[in-house]
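The values are calculated or read from the model by the stated rules, or taken from the named source; none is laboratory data. From a predicted model like this one, the values you see are computed outputs, not experimental measurements. Neighbour counts run over all protein chains shown; Cβ positions are idealised from the backbone, glycine included.
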Amino acid sequence: MNTDRESVRCLSVRRPWANLIVAGYKLIENRTWTTGYRGRVVIHAGKTWDHAGAATAVDLGALGMDSLDHCAAGYLGSVRLDDVHAADDCCTGFGDPTPGVYHWVLSDPIALSAPLPGRGRLGLYSCDDADLVAAIARSVHPTPVVVQVNPIVARAAALGPIQKNTWKRRRDPDQLTLLEIPKRKGRK
Ligand SMILES: [Zn+2]
């Protein structure tokens, strides 16, 4: 077994909760166990459909997410796991206040352009599937766009704002600006 392969941490969540997480509607996940891991977590949508989640999707106005037809299964995208803490009258909204429950605080959901099929597992598991690892890496760090900077704009930015007085002093007195009306010469 090659242990050098890159892997991602994954969490399998029932549908449509998984879909609501990746779409950014739900950023607290309730679990009865905790983890010391922090960082990117890939969200896997399980086959199981949860009707309570569908009702919540309607309440949230999450279009289509109350229907199995619009909620893909498989690997949907990733979020960042920022914190895990015991429920303590906190995280109102999605945080389950039941004692013994842990709130997993998520942020920065990034959906894959297309879900990748695959089976989920229990717990916060590692997956070294090369296609999944590459797709998640691409989604989180898209190919940088080379920005073409107009050299005139770059020079203006480097010079800073034009000083009004300097502009006046250097101006050719015979040169008209767009807003000036030419003075009639030769008439007194
Ligand atoms: Zn909380």
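Brief remarks follow.
- Inspection of segment 53-66 finds no residue satisfying the criterion of being in contact with a helix residue (DSSP H, G or I) (Cβ under 9 Å, 6 or more places away or on another chain), crowded, with 20+ Cβ neighbours inside 10 Å and under 22 Å from Ala137 (Cβ atoms).
- Matching residues, segment 25-37, being out of contact with any His (no Cβ under 6 Å at 6 or more places or on another chain) and crowded, with 16+ Cβ neighbours inside 10 Å: Tyr25, Lys26, Leu27, Glu29, Asn30, Arg31
- Residue in segment 83-106 that is in a loop (DSSP other than H, G, I, E, B) and more than 16 Å from the ligand (Cβ to nearest atom) present: no
- When Gly77 is tested against (1) closer than 18 Å to Gly123 by Cβ; (2) modelled with pLDDT of 95 or more, just one condition goes unmet, and that condition is (1).
- Candidates Gly24, Gly61 - the one that is more than 16 Å from the ligand (Cβ to nearest atom), in contact with a strand residue (DSSP E or B) (Cβ under 8 Å, 6 or more places away or on another chain) and among the small types (Gly, Ala, Ser): Gly24
- Scan segment 84-104 for residues that are farther than 21 Å from Ser139 by Cβ and surrounded by 13 or more Cβ atoms within 10 Å (Cβ to Cβ) and the total you get is 11.
- When we screen Asp50, Asp4 for residues that are among the acidic types (Asp, Glu), modelled with pLDDT of 95 or more and away from the ligand (no atom under 15 Å from the Cβ), the only hit is Asp50.
- Scanning segment 114-131 for residues that are touching a helix residue (DSSP H, G or I) at 6+ places or on another chain (Cβ under 9 Å), surrounded by 13 or more Cβ atoms within 10 Å (Cβ to Cβ) and among the aliphatic types (A, V, I, L, M) returns a single hit, Leu116.
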